[in-house]
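Engineer: Okay, here's the structure, questions in a sec.
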Amino acid sequence: MLSMNCSYLLFFFICFSARTRICGASSSFLQEPIQVEIITVGNIYSNVSLSNLPYVAPGMIVALDQLRQTFAHRANFTHTLLYDKRYTSCPLFTDNVDFLVAEYFYTRRKTNSNMTVFIGVGCTERTAMGKLISGWNAFMTIGGTAETIFRNKTLYPNVVLAGNNAVKSMHNIYTKFFQRFLWTSVYILLDASATPVHLLLIQNFVSGLAAKGFRVKFANTNMGNPEKINLGGILRDMRISARVVVFLGHASDLRKFMLQVKRAQMTNGEYVYLAHEPFRHRSFYGNYTWKYGDKFDEEAQLAYQSVFLVTFPQDSSSNGRLVGLYETFTNISKHYFNFTYAPLETPNPFVTAAYEDVILFGHVLEETLNDPSRVVDLNDGSAFARRYWNRTFWLDTGPIEFDEVGERKQPLIIQQFQKGGVWPTTIMTLDASANEFVDVASISWVAPFPPPNEPPCGFLGANVICWKKDAYFTIVIASVMSVLLVLMLLLLLWARIWRRSLLQDVPKSFGWLDFQVQGDLIKPRPQQRMVDRYSRSDYR
């Protein structure tokens, strides 16, 4: 059923209802069928974000059809898509989402529902509406890249982070990569072209690395308008700060940056550059390759040999279930939202996450209703969310694992632009729960070995082993002469003091003394004047 509410907020609802059966369920405290309302808040414009409703809603619609078959006549599901056409961008939607959600929750939602939940992906509005939903203690699942504040269960005990771009997993792979090569000094660049995923990553990236003992510096760039920044100053600061650089921005701006550092002779093996691609999507994130078909390709190819790419393993060709779902997703997008995928474009991981989030909700709902150990309060979103903690779910799309606060653990990969390759080669993988990398291919370093954390002469060239030979010997000779001079002065001072002590022990009137023995006493005889034996009187 398709309906439209033409109020001043221009709400648009797509509602699906069904009576379903819980397999083997026994529940005497709820009148069947139970009423469940799923609310999905989002932006209706497909060109704003890959996580907006024309992309992700079809995944949820398909999943709800599966829940109806599972629950049969025991539950009715109502799905409400909540948006406002006046809000044409993520920032504008974020500024107004709290009023949109509150107005619907208090005046328009299905008040006869046994359970009201919020399941969606979203753009940048999650925190703004999350505060309201947490106050209502309604269950909330976020299927996109979510802010790390939602890990705080004191503030958001009702929220589950089920997106497949988990910020904690991103931090984890960077940290482990740095530690593997003993890199502790990192320089992070946030470009003006950064996507919402990059902005979420940077929020806790700097502080998170610093808390683990890394020395981190941060700067903003604008490679699209280089005249607005002092890139030369940033490069000079990089030289004296780190040899590992993380660039967060669009693929085309990464290429511009790498051309600049190549011309500054900073791609000779002394530096390593990392870029972050949320997943491969040409129109939103660009082509992370050096080959653009212009006169700079040869120069860019040499520069990119120093680049590593952190990304999401998006090879779904081996997952027959996903391949089968993709056609259904695209057909629903075209039929209900008048949105057509571009040629060669496939549903992105946000769509897959939206589908999986509804399926996960059905698993936990069935488990909750079948639990004979306690009376279930379906309106207790916090208790419902705790059922996701520290466990693994096995879906038709594969296993999904959650950590101790209900955040999905995400597998990620590291790729490298190796010599001769247009596209990066996967060299390492890090599974969701893995503590160590799995090496897929050998790393091709520009130099015969990975760059050290700090150059041999130090960032400022102050290490004495790197001083010039002549200057070094001059300093050594001067130091030796100074030591010898001090020793000589000390020797002269000691000699003077010793001579003075000897003179103090000698009698003031010096003469010959003749001693005679008288009893037990020895007394000096009276001193006689000595006469020269060769005096003149002897020859008279």
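Engineer: What residue, of 436, 454, is more than 30 Å from residue 291 (Cα to Cα), open to solvent by 80 Å² or more (accessible area, probe 1.4 Å) and at pLDDT 85 or above?
Structural biologist: Step by step, each of 436, 454 is checked, and only 454 is more than 30 Å from residue 291 (Cα to Cα), open to solvent by 80 Å² or more (accessible area, probe 1.4 Å) and at pLDDT 85 or above.
Engineer: Please verify whether residue 86 is in the same structural domain as residue 383 (by the TED database), open to solvent by 50 Å² or more (accessible area, probe 1.4 Å) and within 30 Å of residue 194 (Cα to Cα), treating the condition exactly as stated.
Structural biologist: Answer is yes for this residue.
Engineer: Here is a further query. Report the residue count in segment 429-441 for those that are of a type outside the set (Phe, Trp, Tyr) and part of a loop (DSSP other than H, G, I, E, B).
Structural biologist: 8
Engineer: Let me ask another. Only one of 354, 385 is buried (at least 21 other Cβ atoms within 10 Å of the Cβ), farther than 19 Å from residue 79 by Cβ and of a type outside the set (Lys, Arg); which?
Structural biologist: 385
Engineer: Something else about it: Kindly indicate the residue of segment 140-159 that is part of a helix (DSSP H, G or I) and open to solvent by 10 Å² or more (accessible area, probe 1.4 Å) and also modelled with the highest pLDDT among those meeting that condition.
Structural biologist: 151
Engineer: Right, another one. Quick one: would you say residue 37 is open to solvent by 10 Å² or more (accessible area, probe 1.4 Å) and either over 21 Å from residue 197 (Cβ atoms) or part of a strand (DSSP E or B) (or both)?
Structural biologist: Here the answer is no, as residue 37 does not meet what is asked.
Engineer: Taking interchain pairs and intrachain pairs at least six residues apart, which have beta carbon atoms under 7 angstrom, with the first residue in segment 37-51 and within 13 Å of residue 109 (Cβ to Cβ) and touching a residue at least 40 places away in the same chain (Cβ under 8 Å) and the second charged (D, E, K, R) and open to solvent by 10 Å² or more (accessible area, probe 1.4 Å)?
Structural biologist: 37/109; 37/110
Engineer: Okay, next question. Name every residue in segment 342-351 that is over 20 Å from residue 65 (Cβ atoms) and open to solvent by less than 10 Å² (accessible area, probe 1.4 Å), in order of residue number.
Structural biologist: 348, 349
Engineer: Going by the structure shown, is residue 495 at pLDDT 65 or above, assigned by the TED database to the domain that holds residue 268 and open to solvent by less than 100 Å² (accessible area, probe 1.4 Å)?
Structural biologist: Criteria not met by residue 495.
Engineer: What are the pairs, 6+ residues apart or on separate chains, where a residue within segment 319-341 that is at pLDDT below 90 and open to solvent by 60 Å² or more (accessible area, probe 1.4 Å) has its Cβ under 8 Å from a residue that is basic (Lys, Arg) and in a loop (DSSP other than H, G, I, E, B)?
Structural biologist: Short answer, once both residue conditions are applied: none.
Engineer: Return the total of residues in segment 173-188 being open to solvent by 50 Å² or more (accessible area, probe 1.4 Å) and either among the basic types (Lys, Arg) or part of a helix (DSSP H, G or I) (or both).
Structural biologist: Residues meeting the conditions: 2.
Engineer: Are any of the residues in segment 364-378 at pLDDT below 95, crowded, with 21+ Cβ neighbours inside 10 Å and polar (S, T, N, Q)?
Structural biologist: Within segment 364-378 (the criterion being at pLDDT below 95, crowded, with 21+ Cβ neighbours inside 10 Å and polar (S, T, N, Q)), the answer is no, since none of the residues qualifies.
Engineer: Let me ask something else about it. Filter segment 270-288 for residues that are in a helix (DSSP H, G or I) and crowded, with 20+ Cβ neighbours inside 10 Å and give the result.
Structural biologist: Scanning segment 270-288 gives a single hit, 285.
Engineer: On the given criteria, is residue 258 at pLDDT 95 or above and crowded, with 18+ Cβ neighbours inside 10 Å?
Structural biologist: Against the criterion (at pLDDT 95 or above and crowded, with 18+ Cβ neighbours inside 10 Å), residue 258 qualifies.
Engineer: Looking at 352, 267, can you tell me which residue is within 31 Å of the chain's Cα centre (by Cα), hydroxyl-bearing (Ser, Thr, Tyr) and part of a loop (DSSP other than H, G, I, E, B)?
Structural biologist: Only one candidate qualifies: 267.
Engineer: Name the one entry in 117, 97 that is crowded, with 17+ Cβ neighbours inside 10 Å, touching a residue at least 40 places away in the same chain (Cβ under 8 Å) and farther than 27 Å from residue 370 by Cα.
Structural biologist: Only one candidate passes the filter, namely 97.
Engineer: Exactly one of (1) in a loop (DSSP other than H, G, I, E, B); (2) surrounded by 22 or more Cβ atoms within 10 Å (Cβ to Cβ); (3) out of contact with any Leu (no Cβ under 6 Å at 6 or more places or on another chain); (4) modelled with pLDDT under 85 is unmet by residue 200. Its number?
Structural biologist: (1)
Engineer: Turning to a different aspect of this structure: Among the residues of segment 382-424, which ones are among the polar types (S, T, N, Q) and either farther than 25 Å from residue 320 by Cβ or in contact (Cβ under 8 Å) with a residue 24 or more places away in the chain (or both)?
Structural biologist: 382, 390, 397, 410, 415, 416, 418
Engineer: Right, another one. Within the bounds of segment 47-54, is there any residue that is at pLDDT 90 or above and either open to solvent by 10 Å² or more (accessible area, probe 1.4 Å) or over 33 Å from the mean Cα position of the chain (by Cα) (or both)?
Structural biologist: No: zero hits.
Engineer: Additional query: I'm trying to understand the selection: among the residues of segment 394-432, which are under 17 Å from the mean Cα position of the chain (by Cα) and among the polar types (S, T, N, Q)?
Structural biologist: Result: 410, 415, 429.
Engineer: Do you know which residues across segment 409-428 are in contact with a strand residue (DSSP E or B) (Cβ under 6 Å, 6 or more places away or on another chain) and assigned to a loop (DSSP other than H, G, I, E, B)?
Structural biologist: Across segment 409-428, the qualifying residues are 409, 417, 418, 424.
Engineer: Here is a further query. Could you go through segment 297-313 and let me know if any residue there is out of contact with any helix residue (DSSP H, G or I) (no Cβ under 8 Å at 6 or more places or on another chain) and at pLDDT below 90.
Structural biologist: The answer is yes; a qualifying residue exists.
The values are calculated or read from the model by the stated rules, or taken from the named source; none is laboratory data. If you're wondering where the values come from, they're calculated on a predicted model, not measured in any experiment. Backbone-built Cβ (ideal geometry, glycine too); neighbour counts: all protein chains shown. Quick note on the areas: whole protein, heavy atoms, side chains included, nothing else; ligands and nucleic acids left out. Shrake-Rupley method; radii C 1.70, N 1.55, O 1.52, S 1.80 Å.
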